[in-house]
Amino acid sequence: MTINIAIIGAGPAGYYAAEAALKHWGGAAKIDIIDRLPTPYGLIRAGVAPDHQSIKAVTKRYEATNLGAGVRFVGNVMIGRDVSVAELLALYDAVVLSIGAPHDKPVGIPGDDLPGVIGSAAFVGWYNGHPDFADLPVPLSHHGAAIIGNGNVAIDCARILAKTVPELAVSDIAQHAVDALQHSAIRDIHIIGRRGPHQASFTTKEAGELGHLERAHPVVRPGDLPPLEADAALEPGHRKMVTHLRGFAGLERGDKPVTINFEFFRRPVAVEGNGKAERLIVETTRLEDGPEGSRAVGTGELHAIPCGLVIACIGYRTSTIEGVPYAPELGRFPCDDKGRIFPGLYASGWARRGPSGTIGTNRPDGFSVIDAIAADVATGSGLVAGRGGDASAALDALLAERGVGATDFGQWQRLDAAEVTRARPGAPREKLVRVADMLATLFR
Ligand code: NAP
């Protein structure tokens, strides 16, 4: 029996699902990994920080999956525009939505629509060369920048704003971002956390890195730190992260011109300015215990943080797709604990569980979604029937009829080689950031 699976989204969640399907069905699995961009690897290419190259090495594993028998990359095809989910469900035995969570959660405070307020999906996409954000206006002429959120994305954004051009140039950061950042006037970076150091979701390595930047200096207000003995209750990894924050509270400033100020116990309440962001108004908070742990409660005490750039790093939402149920309150597809939306249609990765975890967290997700598909095939539930046929050929015919120029893995390999050849000295690659330029290179 052949099982035809369409995986939508060529990021980590998509590739781990493909890997799990190959492990389960071996040569009987025929998998099309479809992506709206001509390039594979999703968040590895456009989300992981450009100066964290070791994390990107995992693409070798995805490449091996793609080069194995039975797997195709089908790029430059957008589900909902070029082909519908209903059409895919009619061709394939199972469709897995691994489309991530590419939209910023809105901050929801007055002034959050002012120019200068952007979300981390946009800012990260801009410096990582995602085609959607190549023309994002990023105001860098004010001395202040406020970054809302106490997760690793906030740290990534602060680090990129704080690094020198030589520190950035040896990464695969987009050239347009280096060009803009070299003229940046930003000197005071504020990382705003509505709760305290113990509640921050930074990881140890990411927090620690801020202590080793060439021109930037992290600052923690000693009064924001809980008593030292309270750290004993923390999980060891988290305790180490808090130890970094304690170290930052005792650091001599030296002559570094840029400060990264951790503003714990501050809740954003408004962005103000004359036609653009000029200050973020924050309210001091205190913690109150609730049924789901501690929550931040405003004290009424307000402060203004001067800034021309506000980056909200407060979480993401999955795209909606016609014909697929969506849970707006969760910002993702509603599914059971294995990723089943309904038999035949599944979700994996951030589209299934929301924007949390590391790249590796998507691996068990991929295996559990394949378990669900296998169970549905075994019981003959719903659309999953193991109906056979050549779904890939049928998709190609549909795309050709609609004039959609899909890209394949061989073309990606050519683009990959071209980007590596173009790289700045010491950098791993220089990305093409416009789809038209990618296609011109791919089809040359
Ligand atoms: P995150 O870790 O969930 O952090 C989101 C932050 O936003 C939290 O501090 C949260 O505060 C805050 N927040 C949410 N709504 C807010 C609001 N309305 N006002 C103020 N603050 C608000 O998410 P993330 O940083 O976006 O990262 C997403 C996932 O990717 C995480 O699992 C992260 O570890 C991972 N990641 C990993 C790396 C790496 O390993 N190098 C790099 C980047 C991202 P509360 O806690 O109070 O809700």
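The values are calculated or read from the model by the stated rules, or taken from the named source; none is laboratory data. All values derive from a computational prediction rather than experimental measurement. A quick note on method: Cβ atoms are made from the backbone with ideal geometry, for glycine too, and the neighbour counts reach across all protein chains shown.
For this structure, a couple of remarks:
- Matching entry among GLY382, GLY386, GLY331 (being farther than 30 Å from ALA145 by Cβ and either in contact with a helix residue (DSSP H, G or I) (Cβ under 6 Å, 6 or more places away or on another chain) or modelled with pLDDT of 95 or more (or both)): GLY386
- For ALA169, the conditions (1) of a type in the set (A, V, I, L, M, F, W, C); (2) surrounded by fewer than 21 Cβ atoms within 10 Å (Cβ to Cβ); (3) more than 23 Å from ILE55 (Cα to Cα) are fulfilled apart from (3).
- Hey, TYR346 closer than 16 Å to ILE7 by Cα and away from the ligand (no atom under 16 Å from the Cβ) or not: yes
- Residue in region 147-182 that is farthest from the chain's Cα centre (by Cα), counting only those that are within 16 Å of the ligand (Cβ to nearest atom) and in a loop (DSSP other than H, G, I, E, B): LYS163
- Top-ranked residue of region 233-274 - restricted to ones that are among the small types (Gly, Ala, Ser) and under 27 Å from the mean Cα position of the chain (by Cα), ranked as farthest from PRO110 (Cα to Cα): GLY237
- Annotation note: Cβ proximity below 9 Å between a residue of region 188-206 that is on the phi > 0 side of the Ramachandran plot and buried (at least 21 other Cβ atoms within 10 Å of the Cβ) and a residue that is at pLDDT below 95 and not in a loop (DSSP other than H, G, I, E, B) (sequence gap 6+ or interchain) occurs for no pair.
- Taking the listed residues VAL85, VAL71, VAL77, VAL95, the one that is touching a Ser or Thr at 6+ places or on another chain (Cβ under 8 Å), touching a residue at least 12 places away in the same chain (Cβ under 8 Å) and away from the ligand (no atom under 16 Å from the Cβ) is VAL71, with no other qualifying.
- Some residue of region 386-394 being among the basic types (Lys, Arg) and outside any helix (DSSP H, G or I): yes
- Given (1) under 22 Å from ARG36 (Cα atoms); (2) modelled with pLDDT of 95 or more; (3) in a helix (DSSP H, G or I), index of the condition ALA90 fails: (2)
- Residue match in region 283-296 (condition: assigned to a loop (DSSP other than H, G, I, E, B) and either surrounded by fewer than 20 Cβ atoms within 10 Å (Cβ to Cβ) or within 14 Å of the ligand (Cβ to nearest atom) (or both)): yes
- Considering region 119-144, the residues that are within 16 Å of the ligand (Cβ to nearest atom) and not in a helix (DSSP H, G or I) include one that is farthest from PRO428 (Cα to Cα), namely GLY119.
- Applying the set (1) over 30 Å from ALA427 (Cα atoms); (2) more than 24 Å from the chain's Cα centre (by Cα); (3) basic (Lys, Arg) to ARG195 leaves exactly one unmet item: (2).
- Of the residues making up region 305-321, at least one is under 19 Å from LEU89 (Cα atoms), away from the ligand (no atom under 16 Å from the Cβ) and not hydroxyl-bearing (Ser, Thr, Tyr).
- Count of residues meeting criterion [of a type in the set (Asp, Glu) and within 16 Å of the ligand (Cβ to nearest atom)] in region 183-201: 0
- Every pair of residues 6+ apart whose Cβ atoms lie under 9 Å, when the first sits in region 340-358 and is over 15 Å from ILE44 (Cα atoms) while the second is in a strand (DSSP E or B) and within 11 Å of the ligand (Cβ to nearest atom): GLY354/TYR316
- Matching entry among PRO227, PRO218, PRO222 (being without any contact (Cβ under 8 Å) to a residue 60 or more places away in the chain, touching a helix residue (DSSP H, G or I) at 6+ places or on another chain (Cβ under 6 Å) and surrounded by fewer than 17 Cβ atoms within 10 Å (Cβ to Cβ)): PRO222
- Summed over region 340-367, the residues that are among the polar types (S, T, N, Q) and buried (at least 20 other Cβ atoms within 10 Å of the Cβ) give a count of 2.
- Checking each residue in region 298-350 for being over 27 Å from PRO137 (Cα atoms), part of a strand (DSSP E or B) and of a type in the set (Val, Ile, Thr) picks out THR299, ILE341.
- Test: LEU245 is away from the ligand (no atom under 14 Å from the Cβ) and at pLDDT 95 or above: no
- Residues in region 46-87 that are part of a helix (DSSP H, G or I), surrounded by 15 or more Cβ atoms within 10 Å (Cβ to Cβ) and over 17 Å from the mean Cα position of the chain (by Cα): TYR62, GLU63, THR65, ASN66, VAL85, GLU87.
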